[in-house]
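*Asks:* Quick one: the structure is below, questions incoming.
The values are calculated or read from the model by the stated rules, or taken from the named source; none is laboratory data. Keep in mind it's a predicted model, so treat the numbers as computed, not measured. Cβ placement follows ideal geometry from the backbone for every residue including glycine, while neighbour counts extend to all protein chains displayed.
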Amino acid sequence: MVVASTDPSTSSRWRPLHRLLAAMDDDIAQIYKDLGISDLKPTWVMELLRLEAGGPMTITELAESTQRTHSAMSQKVSAMQTAGFVRTRPARDARSKQVTLTAKARRITGQLAAEWQATEAAIAELESEMPYPLSHAVADIQRALQRKSFRERILEHLDHAPSAP
């Protein structure tokens, strides 16, 4: 006799996507290690490239350029500063911080740009092998979520979920 599990987390449409993205990020992180770049998280590369291309920015400007919240960018800048990739100083209005690359970061931005371009090429190659490219799926999901948010969709299903005993 097979007993049905009462644990809803044994089935997920969401986790495979998270695992896939984490594995791809792990591969990118390994490339950095192979290049001798330590203490760098793949999730920092966009910000470092933006600072290299655009020069010093306030946390607010950097957050806007990467479509992040100020709070999330402030935490990210703090972590990048601890790792030695950026430094901050008071901006002109003294209420905000200006973020600049350190010499350590400037030494590797060429490699980061090359990896970014190689990653984009690898993704394009992957998509050419698929009947329905991931970038198209993402765009389709974004359009659907503009019609009705993910939060709204979850709440609708919560309204119909059985209540706890």
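Let's see how each residue does on (1) closer than 30 Å to Asp34 by Cβ; (2) touching a Gly at 6+ places or on another chain (Cβ under 7 Å); (3) among the polar types (S, T, N, Q):
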| residue | (1), (2), (3) |
| --- | --- |
| Gln81 | yes, no, yes |
| Thr102 | yes, yes, yes |
| Thr119 | yes, no, yes |
| His136 | no, no, no |
| Arg147 | no, no, no |
| Ile154 | no, no, no |
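*Asks:* Residues to consider are Glu125, Glu156, Glu120; find the one that is loosely packed, with under 10 Cβ neighbours inside 10 Å and part of a helix (DSSP H, G or I). Steps first, please.
*Replies:* Working: Glu156 fails: loosely packed, with under 10 Cβ neighbours inside 10 Å; Glu120 fails: loosely packed, with under 10 Cβ neighbours inside 10 Å.
When all the criteria are applied, what remains is Glu125.
*Asks:* Just checking, which of Arg107, Arg151 is exposed (fewer than 13 other Cβ atoms within 10 Å of the Cβ) and farther than 25 Å from Leu49 by Cβ?
*Replies:* Arg151
*Asks:* Being without any contact (Cβ under 8 Å) to a residue 12 or more places away in the chain, part of a helix (DSSP H, G or I) and either loosely packed, with under 14 Cβ neighbours inside 10 Å or within 21 Å of the chain's Cα centre (by Cα) (or both) narrows it down to one of Ala94, Ala113, Ala137, so name that one.
*Replies:* Ala137
*Asks:* Check the stretch 68-80 and report whether any residue there is outside any helix (DSSP H, G or I), surrounded by fewer than 16 Cβ atoms within 10 Å (Cβ to Cβ), on the phi > 0 side of the Ramachandran plot and in the same structural domain as Ala118 (by TED's automatic domain parsing).
*Replies:* Here is the first cut: in the stretch 68-80, the ones outside any helix (DSSP H, G or I) are 68-69.
Now drop any that are not surrounded by fewer than 16 Cβ atoms within 10 Å (Cβ to Cβ), which leaves 69.
Those still in the list that are on the phi > 0 side of the Ramachandran plot too: none.
No, the conditions are met nowhere in the stretch 68-80.
*Asks:* Which condition number does Thr10 fail, the rest of (1) among the polar types (S, T, N, Q); (2) within 16 Å of Arg107 (Cα to Cα); (3) not assigned by TED's automatic domain parsing to the domain that holds Ala79 being met?
*Replies:* Looking at each condition in turn, Thr10 falls short on (2).
*Asks:* Taking into account only those residues within the stretch 1-55 that are among the aromatic types (Phe, Trp, Tyr) and part of a helix (DSSP H, G or I), which is farthest from the chain's Cα centre (by Cα)?
*Replies:* Tyr32
*Asks:* Scan the stretch 42-95 for residues that are among the acidic types (Asp, Glu) and over 21 Å from Glu115 (Cβ atoms) and jot them down.
*Replies:* Glu61, Glu64, Asp93
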